[in-house]
Every structure is written in structure tokens, then in C-alpha cells.
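Below is one structure, written out as C-alpha cells; the observations come after it.
The values are calculated or read from the model by the stated rules, or taken from the named source; none is laboratory data. Given the structure is predicted, the values throughout are model-derived calculations rather than measurements. Quick reminder, even Gly has a Cβ in these numbers, built from the backbone with ideal geometry, and neighbours come from all protein chains shown.
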Amino acid sequence: MFDPLVGHEVDTKGNPSRGISRRTMLTVVTAASGGLLLGVSLPYLTGTAGAVDEDSFAPNAFIRIARDGQVTLVMNQVEMGQGTYTSMPMLLAEELEVDLAQIKLEHAPPDDKLYRNPRLGFQVTGGSTSVRAFWKPLRTAGAAARSMLISAAAATWKVETASCHAVKGEVIHAPSGRRLAYGRLVDQAAKLAVPDDVVLQDPKDFTLIGSSAKRTDATAKVNGTAEFGIDAKVPGMKIATVAACPVIGGKLVSVDDSMATTVKGVIKVVRLDAAVAVIADHMGAARKGLEALVITWDQGPNAAFSTADMVQQLKDASSRLAAVAINQGDAIKAISASPRRIDAVYQMPLLAHAAMEPMNCTVHVRKDRCDVWVGTQVITRAQATAAAVTGFPLDKVKVHNHLLGGGFGRRLDVDGITQAVQIAKQVDYPVKVIWTREEDIRHDVYRPYYYAKLSAGLDDKGSPIAFSHRVTGSSVLARWLPPAFKDGLDRDAVEGATGPYSFDNVLVDYVRQEPPAGLTTGWWRGVGVTHNAFMVEGFVDELAAAAKQDPVSYRRALLTKSPRAKAVLDLAAEKAGWDKPLPAGIGRGVSVVFGFGSYVAQVAEVSVSKDGRVRVKRVVCAVDCGQMINPDTIKAQMEGGIIFGLTAALYGEITLKDGRVEQGNFDSYQVLRINEAPTIEVHMIVSNEEPGGIGEPGTATIAPAVVNAIFSLTGKRLRQLPIDSAQLKSA
């Protein structure tokens, strides 16, 4: 698998692997209903690539071509707004020579063997890996199928294969003008041997890849026919809502449900170890029933725990022995010996995901099987947790995956699914469990609180001689993928900890410090790059200020070994008019980030009112994500990522008091309003490099650009998020 946190291939045990760029394997059979069924397989690459062996190689995706010409792509990646249901079919359509509209999508069932993501090792959507993982396999599958269909047509006509070519779902014999639609060729094609090698199209010949295609899921989402997890409807289904212990790590003691059971529509009250659920005919009754319960909680050992306690623990831990991630030269000695030393502490808070679709899951547990309807990024883990709770074997658990109304990493965890199965197990009818918005925010799997110490030594001209960065925080990796957590080092926590810059002497290390049991941390859009981009880009801006140099020029000098990073920096600066004066009361800041295989630079223009309120007026974004698949999607993801990251920078913060999360809805966990949204410009660099991810780097780049703009305007350096307007008030 590919660990996007590590930046290289690792096997399923987290050990380094040799990558996936070698031979892509293909299998072909005749579909049961007639037609061509083409499977894409990838070697696990623990040895040399060889013939297809079902025990050694697992198909990742299946392409069906039916006798009526319909092409079906069984999608193992989920759609949560990032555009994969358009971009991935584009990869197939380009090489298969069919119109994008000719491809139909089906959700793949859970199967790590058939549908694993080769960059992550199992069936999962995350880490901005969908296009990167299937850029070559889907194109190879399309090219192989096209080659086989052309060979089938040539055999039918008894002509040379070289005299035939494919266009828009047909094979054409050029000399005679004869045509055969794919659907008429699939049975013949299915009898042919899979070609050992296929030639993929040269990027200069692309007609679909690189063009702006309309989102294939847009119409259904506009007219309301798109089905998200929360839209699942099952005959006989009831609705449940839940209250978990409000104190982290607390447990349920007792419940008086005498008043709740009198609420019209309430059917049953279900008790769990640390939560209570009310099942009713509809959500309104379930909520009223829940409010009528008299619940006694055991608050446990964290009843007095606060954010201040957590920060103090992180601060204390940051002085402990650390696990080393990067050690080049002798940074500590070089910093001590340098003419000038700069030190800073940066902090980022706990963050909730707050997706528009709150956590939900529909479950029907029967005597011999279980059905689950949900939107999840980890469908095989969803199946596994349902099997564990019910005691059924995996093949008796069917997961029906849906569109996701926002994921951002939250649906990489299955706690809500586990809870829903526990509830449904106690009744004999289907139950849809829906968390309220308050429950969703107060019992999220939070982005960790990070506490970072940065130091640099500067020479007489202000250039960095050495750089060190110590990251202290909880380890998501240790919980979510334990084999990848080795020697005390969480490689996600230090991903991007030097930015795209080159330093002669550099030390990056990590200290693990977990919050109390019951407060779970997890992936958040942008993962490790998000917090490290804020810290590194803010600190590099400090170094530029200390050297009395222009922030863009200072960065350029540090990017001599990263021409692509320098190119996006230059483009963003040019389009923003960096060298032109700004109106009075406007400040301008910059940041440049490498993450998920993509390079992004942003320039933010901000104003600060007398009462300290920050308004971001304009954001200019330059991106090099390698080969573009759908430029419209790239633009949309940059815009969405900027809004998501800006929301967090201005308002995002989960705080604890008396062991409880203080935020509960969008009044206290604020989201950027439409009237606050800046003008956003996105400029893309045309490239033939391998595609990079675009779902997350935009989020990581905006916060440092904003705080750097605030410094340029006010002279006040902010090293902690969210932005504190009290620090910016005019005297």
C-alpha cells in the first residue's frame, strides 16, 4: 500500500515496498449475463511480477461491457464531493474510446482482495489517492479492452488488426468503412487472451483527460434523486437517535424511561455501555423521547479535564525524548553556533469535521444475516465491525454504500456504524440511527491538538543555516493503522514538517502525547500537511521578517531544489500582483505547500477592523497537480478547500471544560458565511507529471497565508489558531 503519511510505498504490514509502477495485470471472463468483464489487478510487488494468480493478485476494479454496449465501472472509491465519479470514469473512457455518458457507475461491495486501493493497502477512499492510485490501472484496463474489441472485430471481418481502430464505442475498418458497435463484439472479445502489454495514449493525444467535463453526479444532486446514507429507506424501518455520555470516557449508570415511553411514536429505549438510544416511528418522536429520559452518568476520571490541562500536558511532553523523523547534518549544533537564533512555539486546536450530513447508519439484523446502509470511506471495515458485533461471518454481512454528504476523514472511522449495529441487534426490524448535530460535534473523532517547537539559525545575511521542528501530539496512525506506527514515530504527524524547502542542517522529530481515553483523534482534511503547513509557513515568514527580506523572495531562495514549488509560488505572486502596492488597510501574505503529490501556493489579502475582526478579501491560488484530469474539478476542490481551511483558521476550535466538549452546533462551531467568503482565483500549471491529489492541499495552504497577511498589515505575529481577534484590537 501507499502510506500518504510516509510518502512511499509500504506493504500491508507497514514495511517499505517497491511501488506499483511495474506491470499492471488484467483478467477477462464472460459475464454471467453475457458480455465482457474485465478485471484490473495489481501485483502486491513483494516479488517479481508474473502471471495472474487469484491467490497472489487481486482485482481492484471491474469493468463490464454489456451486449447493449453499456459500460459499467464498479467503483471502489466513494464520492463525497471530490469529483471521483467523474474523474475516474474519464480515465477509463479516454482509453476505451467511449463517451463519458456511456459509462454507468455502481458502488463496489466490500472486498479488500478485489477492490483494494493500491496506495493504502485496502478498500479505502482517503489521502487524496483516488486518481493517483487508479490513474494507470483504469487507463490500462480501458486500453486493454479496446485492444481486445478491435481484435475481435478484425477476426470477424478477417482483416488485419492494424487496419481497424476504435471511435466512440465502435470499431471501424478504415479501408472498407465497416463498423461494429462494442456490444456486438463483447462475446467474441471475451474469448481472446488478454494482451501482455498495451500502449497507453500519449498525453498530447488526450481528447477527454484534461478537458472540463460536467460532473456526472450533478443532476441527481440538484433534483434530489441522489441517495446519501441518510436517505436510505427500508421497508419497516424505524428511526433512532442517540445520547452518549457528555463527559469524555464516561459510562451509563441508569435510565428512567417512564416519561419517554409515553411520547407518541416512541417504540423502545435501548441502553448501551456509554449511550442511550430511543427508537421511534420518526425523528421528531425519537428526539422528544430522548429529551424525556432521566439519565444518570458515571462521569469517570475526566470530569474536571479542560483544554488548558491538555495543552499543559502537551507542553510538558514536548521536552521528552523524541522519535527522529529527519536528521541531516547537525541542526542543534549549527543553530547554537549561528549568528542569530529564532525560536517559536506554534499551536493548532482540536477540530471537528462537522460534515453537512451528520453521522447516520441504517441496519437490519436478521437471524442469519445483517444488512447495513451507510456512506463510508472504509466499507470493508464497516463490514468487519458489523460482523464482530453480530457474530456473523463476513459473507453474511452486506454493506450498501451510498454517496457521502461530506467526509473530510470523519467517515474513515466506524464508531457510528458499530453503535448502530449494537442498537439494531436488540430489535427485529430495520433501524436508521441518526446523530443530532450536537451529538455529531460533541462525539466526533477530532483532528489532534498539535504543539510544535521550531528553531532556526540564521547567518549574517539572514539565510537559514539550520532548521529544527519538534511536533507533539496524539498519534492517529497508532490507532488507525498500528503496523505503520514504528519506533514511536507517527509519520503523518511530521508530514510536510520542513515544507518544500531545502536546509543544509535539519532535524524533525516527534513526541506522542495522547489525550484522555474517550477523546478519540482522527484524520481531518489535509491530515499532517494541514498543521505543519501552518507552522512551517508561519515560521518561514518569521525568518524573512527577521532577515528584513521580502517573503516571496526569501522563499524563492529556499526552493532551489524544488522547481515545481517555485513555479507555483511565482505564478501566485504574479497573478496576485505581489509587487504592486495595496490599498490602505489591506495586508498581503503568502504560503507555499507540497502535499499529496501536488504543489500549491496561495496569496491572501486581508483587512482587520478596529475590534480585531479579520476579513479575507481575496485569495489567489496557483496549483501544479501534475496531469490534470478535469480542470473544473481541480478549481472546485481548491475553492472548497480554501473555504474549509479558512473556516478553521477564523473560527474552528473544539474546547473542553469539565470533561465536556463546549461546542454543539453551528452557533458555537461557526462555519464561514457566504457574505464572508473571499474572491478566489485559481490558476493551474499545465503538466505531464503523474497526477497529484487535489482534495486536501488547498485546505492546508490558506491559514498560513492569512496569518502572514495579518502580520504584514498589523505587525502582530499569530502562532496559534483560530485567529484571536482580541490580539488584533486597535489600542
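Counting only residues that are aromatic (F, W, Y), at pLDDT 95 or above and buried (at least 21 other Cβ atoms within 10 Å of the Cβ), give me the strands (runs of 3 or more DSSP E) lying completely in region 551-656 with at least 3 of them.
Numbers: elements: 587-595, 598-608, 614-624.
Strands (runs of 3 or more DSSP E) meeting the threshold: none at all.
Assess whether I417 counts as being farther than 30 Å from V74 by Cβ and touching a helix residue (DSSP H, G or I) at 6+ places or on another chain (Cβ under 7 Å). Can you show your working first?
Numbers: farther than 30 Å from V74 by Cβ: no; touching a helix residue (DSSP H, G or I) at 6+ places or on another chain (Cβ under 7 Å): yes.
Taking the combined requirement at face value, the residue does not satisfy it.
Give P175, P109 a once-over and let me know the one that is outside the structural domain of G407 (by TED's automatic domain parsing), under 21 Å from the mean Cα position of the chain (by Cα) and surrounded by fewer than 18 Cβ atoms within 10 Å (Cβ to Cβ).
Values: P175 fails: under 21 Å from the mean Cα position of the chain (by Cα).
When all the criteria are applied, what remains is P109.
Which of the residues belonging to region 508-557 are among the acidic types (D, E) and farther than 13 Å from P448 by Cα? First the steps, then the outcome.
Our first condition is that a residue be among the acidic types (D, E); within region 508-557, this holds for 509, 514, 537, 541-542, 550.
Hits for region 508-557 are D509, E537, D541, E542, D550.
Take region 209-239 and flag every residue that is surrounded by 15 or more Cβ atoms within 10 Å (Cβ to Cβ), farther than 30 Å from D281 by Cβ and of a type outside the set (S, T, Y).
We begin by selecting, within region 209-239, every residue surrounded by 15 or more Cβ atoms within 10 Å (Cβ to Cβ); these are 209-211, 213, 215-217, 221, 226-232, 234, 237-239.
Subset that is farther than 30 Å from D281 by Cβ: 209-211, 213, 215-217.
Within region 209-239, I209, G210, A213, R215, D217 qualify.
In region 275-284, which residues are in contact (Cβ under 8 Å) with a residue 40 or more places away in the chain and either of a type in the set (A, V, I, L, M, F, W, C) or in contact with a Lys or Arg (Cβ under 8 Å, 6 or more places away or on another chain) (or both)?
Of all residues in region 275-284, those in contact (Cβ under 8 Å) with a residue 40 or more places away in the chain come to 275, 277, 279-283.
Hits for region 275-284 are A275, A277, I279, A280, D281, M283.
To keep it simple, each residue is scored yes or no on (1) surrounded by 15 or more Cβ atoms within 10 Å (Cβ to Cβ); (2) touching a residue at least 12 places away in the same chain (Cβ under 8 Å); (3) touching a Leu at 6+ places or on another chain (Cβ under 9 Å).
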residue	(1), (2), (3)
T296	no, yes, yes
N327	no, yes, yes
S336	no, yes, no
Q347	yes, yes, yes
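Taking into account only those residues within region 673-709 that are of a type in the set (D, E, K, R) and within 20 Å of the chain's Cα centre (by Cα), which is nearest to D550 (Cα to Cα)?
Filtering region 673-709 for residues of a type in the set (D, E, K, R) gives 673, 676, 681, 689-690, 696.
Those still in the list that are within 20 Å of the chain's Cα centre (by Cα) too: 690, 696.
Details: E690: 32, E696: 28 Å.
By that ranking, first place goes to E696.
Just to confirm my filter: which strands (runs of 3 or more DSSP E) fall fully inside region 162-263 and include at least 1 residues that are free of Cβ contacts under 8 Å to residues at least 24 places away in the same chain? Walk me through how you get there before you give the answer.
Numbers: elements: 164-167, 170-173, 178-181, 238-244, 251-256.
Hits in region 162-263: 164-167, 170-173, 178-181.
Restricting attention to region 395-430, which residues are buried (at least 21 other Cβ atoms within 10 Å of the Cβ) and aromatic (F, W, Y)?
F408, the sole residue that qualifies.
Of all residues in region 141-161, how many are part of a helix (DSSP H, G or I) and without any contact (Cβ under 8 Å) to a residue 40 or more places away in the chain? Spell out the reasoning first.
Going residue by residue through region 141-161, those that are part of a helix (DSSP H, G or I) are 141-157, 161.
Narrowing further to those that are without any contact (Cβ under 8 Å) to a residue 40 or more places away in the chain: 150, 153-157, 161.
Going through region 141-161 one residue at a time, the tally reaches 7.
Quick check on this structure: which one of G698, G692 is assigned to a loop (DSSP other than H, G, I, E, B), surrounded by 17 or more Cβ atoms within 10 Å (Cβ to Cβ) and in contact with a helix residue (DSSP H, G or I) (Cβ under 9 Å, 6 or more places away or on another chain)?
Values: G698 fails: assigned to a loop (DSSP other than H, G, I, E, B).
The match here is G692.
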